[in-house]
1. Can you give me the ranges of the strands (runs of 3 or more DSSP E) entirely in region 73-135 with at least 2 residues that are closer than 15 Å to E160 by Cα?
2. Among the residues of region 192-222, what is the count of those that are open to solvent by 40 Å² or more (accessible area, probe 1.4 Å) and more than 19 Å from P97 (Cβ to Cβ)?
3. With respect to T176, is the statement that it is among the β-branched types (V, I, T) and without any contact (Cβ under 8 Å) to a residue 12 or more places away in the chain true?
4. Of the residues E160, E164, E189, which is more than 19 Å from V93 (Cβ to Cβ), in a helix (DSSP H, G or I), open to solvent by 90 Å² or more (accessible area, probe 1.4 Å) and out of contact with any His (no Cβ under 6 Å at 6 or more places or on another chain)?
5. Quick check on region 195-234: of everything there that is out of contact with any Asp or Glu (no Cβ under 9 Å at 6 or more places or on another chain) and not in a helix (DSSP H, G or I), which residue is nearest to I90 (Cα to Cα)?
6. Of all residues in region 40-51, count the ones that are part of a helix (DSSP H, G or I), under 19 Å from A69 (Cα atoms) and among the hydroxyl-bearing types (S, T, Y).
7. Looking at (1) touching a Leu at 6+ places or on another chain (Cβ under 6 Å); (2) modelled with pLDDT under 95, can you tell me which one A229 breaks?
8. V247 passes all but one of (1) farther than 30 Å from P66 by Cα; (2) touching a Gly at 6+ places or on another chain (Cβ under 9 Å); which number fails?
Amino acid sequence: MSPDGFEGDFSGGKIAVIGSNGRMGRMLCNRFRAAGYEVAELDQPLTNTSLSAGLSGASVVLLCIPAAAFVTVLQQISGILQPPQVLVDITSVKVQPMHQMQLAYNGPIVGTHPLFGPEPKADEVRVAVTPAEGTDEKHAAMVEELFERIGCEPFRTTAEAHDEAAALIQGLNFITTVSYLATLAHKEEITPYLTPSFQRRLDAAKKMMTEDAELFEGLFEANPSSHNAVRSFRNMLNIAAGGDINVLVERALWWWRENNDTGGVRH
């Protein structure tokens, strides 16, 4: 398919992946290539020469880079991108990156967030898709098709709705975990009392704290809904401080209601 049209089937088109050496970038490159796409892999050092060659003829330009690198990379590619090439990102926040992309490029823009890591299981392949205002439906649908062809399950949403949900699910999980562990830190006297369930929680948090803390800090700061999520959690703690634990338990049992709209345990 020509980058000038996007009509018909996108199979076999060219995708330029910026950030191809990262774990997510590498996984996506491999999947795109296996699905029959031509893939141009781009990573540091990004030069005008390498970017011009890699982006030439690409129907989709996919940014697999941290949100902190957005402005720099967008400045590098803004003079090379040409409509109707579709600019796509995979960051875990959407409002801020979408705004940055729209400032840098006047062509079609589609934000995405794969809700999984670089080694997803077969049932962990949902992708949030957030087209920018003014982006044609055909370009949004093309990006959804792109992910469908590599075995993913895209769903349409908005950048605002995405960030509100991400702040509650990813951001609040990080903040509550780090706050809990910080509360217990430097209390050597409690170590004889550690239980197997606490150790399991500690083990589950190890990677997030020892390897990914900087990433989660950046996502928290970049997400405009982060502070509202923390305030919501603080409200629950206030209920606990007042002694009404049964209120919290009853509310939390929503996740295991037999007759909820998912037909069982929510997941």
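1. Numbers: elements: 86-89, 109-114, 126-131.
So the answer is 109-114, 126-131.
2. 17
3. Numbers: among the β-branched types (V, I, T): yes; without any contact (Cβ under 8 Å) to a residue 12 or more places away in the chain: no.
Answer is no for this residue.
4. On the way: E160 fails: more than 19 Å from V93 (Cβ to Cβ); E164 fails: more than 19 Å from V93 (Cβ to Cβ).
After applying the criteria, what remains is E189.
5. Only one residue fits best here, namely D212.
6. The qualifying residues number 1.
7. Condition (2) is where A229 drops out.
8. Tallying (1) farther than 30 Å from P66 by Cα; (2) touching a Gly at 6+ places or on another chain (Cβ under 9 Å), V247 fails exactly one: (2).
The values are calculated or read from the model by the stated rules, or taken from the named source; none is laboratory data. Everything quoted here is computed from the prediction, not taken from an experiment. All Cβ positions, even for glycine, are placed from backbone atoms using ideal geometry, and neighbour counts span all protein chains on display. Note: areas computed on protein heavy atoms with side chains; ligands, DNA, RNA excluded. Shrake-Rupley method; radii C 1.70, N 1.55, O 1.52, S 1.80 Å.
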